[in-house]
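Presented below is the structure to which this report refers.
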Amino acid sequence: MKNHKRIPSMKLWHFLFLFGFPLSWGQDSEVSNTISKANELFNSEETVVSEMEYRKALSENPNRIEALYNLGNNHYQEGDFDEAAQRYFETQKKTSSRSDRHQAFHNMGNVSMEQKDYGQAVEAYKNALRNNPADEETRYNYALAKKMLEKEKQQQDQDQKNKDQNKDQNKDQDSKNDKNEDKEDQSDNKDEGDESDDQGEQDKKDNKDKREEGNDSKDNPEDKKNEKPEKKQPPQPKEGQLSPQQVKSLLEAMNNQEKKVQDKIKAQKVKGTPVKGKKDW
């Protein structure tokens, strides 16, 4: 795994020692003694007590830049980066020294790096270099902040690209799903139409079968016990011969004629027979 160079340690300049502020007597002497005590506590990592001493010094003299700056360092050491940034900002506003402003802006850049606000870090280091272009540590931190900012932008661009792609894919998938649903609806409608047609055909067939069954029932009722045998068609007569039906008809005509003759004879006999009168007495 590739190792990355860490951000150099934050510059902790204690103005009292760095610039050798003269200790004056009276009230200012007491403030200087308080700041000196706070610096010793800070170096011993007793940051809670040192913070109280720095605040005590500022309450006695709010314009003591070294107390204000070192209170910012104290907040930084405790991880209270918002408070630290505020103290550094006040320092660079109140001081007239380019060196003081350089140190304040440098540490403001360090705070922004801790908060992963690389854009703010770049601006802070840039301001620090305006006040001291030769500081190598500031130049290194400035280059690193720019690199981290560029990497962050690339990651954001990639994230946005992935988001847009996912959005397009979801849109395409939704469109595809809509088309599939339309096809399914059309298929369902077609199936329903086919089923309706099939049902219609089946109904027609059933009705036809019922009619045929009705006709069969009339012609050949299966439920009748005394079913008459089917009449056979008489054989067709040969040419020059009478058919059985013709013979039968001829015989029936002859019988009818003979019956008429017999009936006529009987009628004549009845007319010639005397009628016996009924006696009235």
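The values are calculated or read from the model by the stated rules, or taken from the named source; none is laboratory data. Just so you know, these numbers come straight off a predicted model, no measurement behind them. Heads up, the Cβs are rebuilt from the backbone with ideal geometry, glycines too, and the neighbour counts pull from every protein chain shown.
For GLY79, the stated conditions hold: it is closer than 20 Å to ALA121 by Cα and without any contact (Cβ under 8 Å) to a residue 12 or more places away in the chain. Can you pull out every residue in segment 96-114 that is surrounded by fewer than 19 Cβ atoms within 10 Å (Cβ to Cβ) and over 15 Å from TYR142 (Cα atoms)? Matches in segment 96-114: SER96, SER97, ARG98, SER99. Sub-9 Å Cβ pairs linking a first residue in segment 34-47 that is without any contact (Cβ under 8 Å) to a residue 60 or more places away in the chain and under 17 Å from ARG64 (Cα atoms) to a second residue that is among the hydrophobic types (A, V, I, L, M, F, W, C) and part of a loop (DSSP other than H, G, I, E, B), at least 6 apart or interchain, are ILE35/PHE21; SER36/LEU23, ordered by first then second residue.
Taken over segment 86-126, the criterion of being of a type in the set (A, V, I, L, M) and closer than 24 Å to LYS153 by Cα is satisfied by MET108, VAL111, MET113, ALA121, VAL122, ALA124.
When restricted to residues that are more than 21 Å from ASN131 (Cβ to Cβ) and among the aromatic types (Phe, Trp, Tyr), segment 49-100 contains 2.
Scan segment 94-104 and give yes if some residue there is within 52 Å of the chain's Cα centre (by Cα) and part of a helix (DSSP H, G or I), otherwise no. Looking for residues that are within 52 Å of the chain's Cα centre (by Cα) and part of a helix (DSSP H, G or I), one finds at least one in segment 94-104, hence yes.
Residue check: ALA57 meets all listed conditions (1) over 25 Å from ALA143 (Cα atoms); (2) surrounded by fewer than 22 Cβ atoms within 10 Å (Cβ to Cβ); (3) at pLDDT 95 or above but one, namely (2). Taking (1) surrounded by fewer than 18 Cβ atoms within 10 Å (Cβ to Cβ); (2) at pLDDT below 95 in turn, SER32 satisfies each apart from (1).
The single condition among (1) surrounded by fewer than 16 Cβ atoms within 10 Å (Cβ to Cβ); (2) part of a helix (DSSP H, G or I) that ASN63 does not satisfy is (2).
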